[in-house]
1. Looking at B:Ile347, B:Ile355, can you tell me which residue is modelled with pLDDT of 95 or more and assigned to a helix (DSSP H, G or I)?
2. Which members of the stretch B:105-141 meet the condition of being crowded, with 17+ Cβ neighbours inside 10 Å and acidic (Asp, Glu)?
3. Being on the phi < 0 side of the Ramachandran plot, out of contact with any Gly (no Cβ under 8 Å at 6 or more places or on another chain) and of a type in the set (Val, Ile, Thr) is true for just one of B:Val32, B:Val48. Which residue is that?
4. For residues in the stretch B:316-338 being closer than 20 Å to B:Gly220 by Cα and among the small types (Gly, Ala, Ser), which is surrounded by the most Cβ atoms within 10 Å (Cβ to Cβ)?
5. Count, please, the residues in the stretch B:77-105 that happen to be over 21 Å from B:Ile342 (Cβ atoms), part of a loop (DSSP other than H, G, I, E, B) and modelled with pLDDT of 95 or more.
6. Within the stretch B:157-275, considering only strands (runs of 3 or more DSSP E) that don't extend past its boundaries, which have at least 1 residues that are in contact with a helix residue (DSSP H, G or I) (Cβ under 9 Å, 6 or more places away or on another chain) and more than 14 Å from chain A (Cβ to nearest Cβ)?
7. Output the number of the condition that B:Glu109 fails; it satisfies all remaining conditions of (1) under 26 Å from B:Thr374 (Cα atoms); (2) assigned to a strand (DSSP E or B); (3) out of contact with any Pro (no Cβ under 6 Å at 6 or more places or on another chain).
Amino acid sequence: MKVIKTYEKDFYAPMPTEFTTKMRTNIFWQFYRFLVINYKMIRMTRFH
Amino acid sequence: MAKIVILGAGIAGNTAAMYSRSFSRKEDEVIVISPNSKWNWIPSNIWVGVGLMSPEDVTFELAPIYQKMGITFKQAKAVSIHPEGNASNDKGYVTIEYTNSSKSGTVEEVSYDFLINATGPKLNFGATEGLGPDKNSFSVCTYGHAVEANNALQVSIERMKKGERQKILIGTGHGNCTCQGAAFEYIFNVEYILKHNGVRDKADLTWISNEYELGDFGIGGMHIKRGGYITHSKIFTESLFVERGLDWITRSHVQMVEKDRLFYENLEGEEKSVDFDFTMLLPPFSGVGLKAFNKNKEEITSNLFAPNSFMKVDADYSVKSYEEWKSSDWPTYYQNQSYKNIFAVGIAFAPPHAISKPMKSPKGTPIFPTPPRTGMPSGVMGREVARSITDMIRTGSDKPTRSASMSSMGAACIASAGAGLFDGTAVSMTMFPIIPDYDKYPTYGRDINYTFGEIGLAGHWIKHILHYVFMYKAKGNPFWKMIPE
């Protein structure tokens, strides 16, 4: 039997594309994001 | 010579102790009173709870560290505060009861010139029938609880390996819980562990919480710029849940936990139940229940503490509706207004109100998260209060010099969603300010340029590195002051 998920709550949530999912663990992209996130977090420390 | 006494040696207490020692004069004495012999990096307890770390990885003995730093350590629990001293002496003191094996039960009076209350919370499992590791649910609030949770989880995993289907329920165990982030991390790490054990298809994972929507986290959620839109964290969080096949129940107050069934009431007033084989539910928090007495031995607990046993500080505690809340209601200096030499930091201070909008079911049951004040803000409060006190000692003033209001403070947070050097992920978030300010930022309450969130392996690397960095810092190793809170 087919499982049809329309009108269920999880039908409305945005789902990442395969590309987006792969980039989350792509070493090179994530190394770049590591630098960006660190910059953003260190920038936050100036507010206290 | 001045004496600074700190109750509690968690993130806020330990930070306050280290900075108090560092900024005070040589002749001043810093005393830490904590019932626990070990310091615990609580954010990593979720990894103990899934077997990825051991208790030894997230703790260390406090006594040798404090001895090295010149801090007096008393392994004891505080019982009462006497801010006016007694009939023969005007100096304030605290009554403590030792918890270490050699002096267990011994009572002592410890006088102070300045007192920092950093006791953290009482884990109030008693608020919900059947809640807690001694009863029918598990917890990751302490490393001991996390070990027990992992042991039970491994039993469930073994059953799944034998082909048995398991229902796993994770979230908050009461309508007024906080720290949804810790439960969020736990459900995502359990899901990760199940995948690694090849049994993900044998488990039904369900989230249950008192949040109005997923992604509230007790801070009313937050808006972030993403893909050309400004979106609420609800969208982002729901996406993460659906992607991993996690079901969710929100707007719920857990009424009772039985051996394999949980009963809850939701904001619509419906009473429902859900079955489980394994459940980890966070308890609500309250203050640790310290009493206070004046010089004549009359109880003045209500002068120092709010009804929830958290300590009153320089916040605006007048009763206001959600629409009347101001970010300026939140404390600036964490100084008690009746006794200017007493401060409270971290979870120990009484917040003026929640951050998330208060909600009640038709039966009058409050179902909304109470405000989180752990981690980075706790450390900052500990540091700034220590600096205020050491300034006050030098100048003789009763006015604190350093502010650390959560309404003008930003926060960075990493929520683990699976630990693996190359396949782990974590949600990295920053927000400014922590307390939404709808006067300054009318639409979203926060500065969108400083508020962001994303998930990826980089977040896991940062979370993992921070584990070691903060353990290093908490031990007072060389250059510890260069590491931010």
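1. Answer to the check: B:Ile347.
2. Once the filter is applied, which keeps residues that are crowded, with 17+ Cβ neighbours inside 10 Å and acidic (Asp, Glu), the stretch B:105-141 yields only B:Asp113.
3. Of B:Val32, B:Val48, the one residue that is on the phi < 0 side of the Ramachandran plot, out of contact with any Gly (no Cβ under 8 Å at 6 or more places or on another chain) and of a type in the set (Val, Ile, Thr) is B:Val48.
4. Applying the filter and picking the extreme gives B:Ser327.
5. So the count comes out to 1.
6. Fully inside the stretch B:157-275 and qualifying: B:166-172, B:203-208, B:223-226, B:229-232.
7. All conditions are met except number (1).
Residues checked against (1) within 9 Å of another protein chain (Cβ to nearest Cβ); (2) in contact (Cβ under 8 Å) with a residue 24 or more places away in the chain; (3) buried (at least 21 other Cβ atoms within 10 Å of the Cβ):
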position	(1), (2), (3)
B:Asp423	yes, yes, no
B:Tyr441	no, no, no
B:Arg446	no, yes, yes
B:Thr451	no, yes, yes
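The values are calculated or read from the model by the stated rules, or taken from the named source; none is laboratory data. Just so you know, these numbers come straight off a predicted model, no measurement behind them. Glycine gets a Cβ as well: all are built from the backbone with ideal geometry, and neighbour counts include every protein chain shown.
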